[in-house]
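Undergrad: Here it is, the structure, as structure tokens.
The values are calculated or read from the model by the stated rules, or taken from the named source; none is laboratory data. These figures come from a predicted structure and were not determined experimentally. So basically every Cβ, Gly included, is an ideal-geometry build from the backbone, and we count neighbours across all protein chains shown. Surface areas here come from the heavy atoms of the whole protein model, side chains and all, with no ligands, DNA or RNA. Shrake-Rupley method; radii C 1.70, N 1.55, O 1.52, S 1.80 Å.
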Amino acid sequence: PKELLLDALTQCWADNIRLMWNETTGAMQNAPGVETRTPDFGGVSAFSELDPSLPLHASSYFRDLIAALEARGYVAGSSLLGAPYDFRYAPSSKVGRRFTADLRALLERAREASGRPALLLAHSYGCLLSLHFLQGQSAAWKAKHVAGFVSAGGPYGGSAHELVVLASGSNE
């Protein structure tokens with residue numbers, strides 16, 4: 001039945017997406033045999049469509065927003081930049097610290113290239129991550145590099161429903 005197939009797919013996804021504690025290194029890491037990456041840091045392809053191989057833009061994410069901004073003169077990878085993040089890692093992790101350094105450098109390059117501070121737009125967990133990032137920067141740095149922060153759909157109150165879905169596979 002369809003429910004069993006979906007349950008099996010959910011279990012497979014959950015098994016592959018989980019992080020494991022490495023007692024030797026004292027850090028979280030992918031499950032054995034799993035490699036993940038966040039593509040196109042600085043570009044927009046990582047969140048234009050989550051899976052571009054699906055027909056009819058079935059996994060379109062920010063595709064329409066990107067197209068609208070490009071129609072107004074923004075250029076992907078130049079004046080329209082992206083910072084994808086592996087949501088499984090805490091900002092305090094090695095991955096999180098690297099992201100913070102990379103995001104800071106990206107915003108500094110954007111400021112240098114355009115001559116003006118950037119507008120930071122985040123969605124979902126990216127809102128929490130961006131807020132954490134901004135709270136770690138000095139007021140002088142933010143005034144020079146960040147014109148504003150737009151938080152779209154940030155889970156500031158938590159996301160208990162998603163935890164139920166991940167834990168049980170139930171999507172009701």
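Undergrad: Counting only protein heavy atoms and a 1.4 Å probe, tell me what percentage of the chain's accessible area is made up of carbon and sulfur.
TA: Roughly 58 percent of what the probe reaches on the chain is carbon or sulfur.
Undergrad: Are there trypsin sites (Lys or Arg not before Pro) in segment 2-85 that DSSP marks as loop and that have at most 11 other Cβ atoms within 10 Å, and which are they?
TA: When the trypsin sites (Lys or Arg not before Pro) of segment 2-85 are filtered for loop state and at most 11 Cβ neighbours within 10 Å, R37, R72 remain.
Undergrad: A further question follows. What do you get for GluC sites (Glu not before Pro) in segment 1-91 restricted to DSSP loop and a cutoff of at most 16 other Cβ within 10 Å of the site's Cβ?
TA: E23, E35
Undergrad: Using a probe radius of 1.4 Å on heavy atoms only, what accessible surface per residue do you get for segment 54-160? Whole Å² is fine.
TA: 60 Å²
Undergrad: Simple spin-label model, 7 Å along Cα-to-Cβ: H132 to V150 in nm?
TA: So the label points at H132 and V150 sit 2.4 nm apart.
Undergrad: Relative to the longest principal axis of the chain, what angle (0 to 90°, nearest 10) does the C-alpha long axis of helix 94-114 take?
TA: The helix 94-114 is inclined about 30 degrees to the chain.
Undergrad: What whole-number value in cubic angstrom gives the convex hull volume per residue for the C-alpha atoms of the chain?
TA: Per residue, the Cα convex hull of the chain comes to 154 Å³.
Undergrad: State, as an integer percentage, the relative contact order of segment 112-170 based on alpha-carbon contacts under 8 Å between residues 6 or more apart.
TA: Relative contact order comes out at 46 percent.
Undergrad: Per the Debye formula with a single identical scatterer at each Cα and no solvent contribution, what log10 I(q)/I(0) holds for segment 3-59 at q = 0.12, 0.15, 0.18 Å⁻¹?
TA: -0.47, -0.70, -0.90
Undergrad: With a 1.4 Å probe and all protein chains kept in place, how much accessible area does Y74 have, in Å² rounded to the nearest 10?
TA: Here the accessible area works out near 90 Å².
Undergrad: A further question on this structure: Quickly work out the T25-to-L54 label distance, labels modelled 7 Å from Cα along the C-beta direction, and quote it in nm with one decimal.
TA: Result: 3.0 nm between the two label points.
Undergrad: From Cα pairs below 8 angstrom and at least 6 apart in sequence, can you work out the relative contact order of segment 1-93, rounded to a whole percent?
TA: So the answer I get is 26 percent.
Undergrad: Give the angle, between 0 and 90 degrees and rounded to the nearest 10, that separates the Cα long axis of helix 2-17 from the longest principal axis of the Cα atoms of the chain.
TA: For 2-17 against the chain, the angle is about 60 degrees.
Undergrad: Once you place label points 7 Å from the Cα toward the Cβ at A160 and D7, how far apart are they in nm?
TA: 2.5 nm
Undergrad: Which Rg and Dmax, in Å, describe the Cα atoms of segment 66-139?
TA: Over segment 66-139's Cα set, Rg and Dmax evaluate to 13.0, 38 Å.
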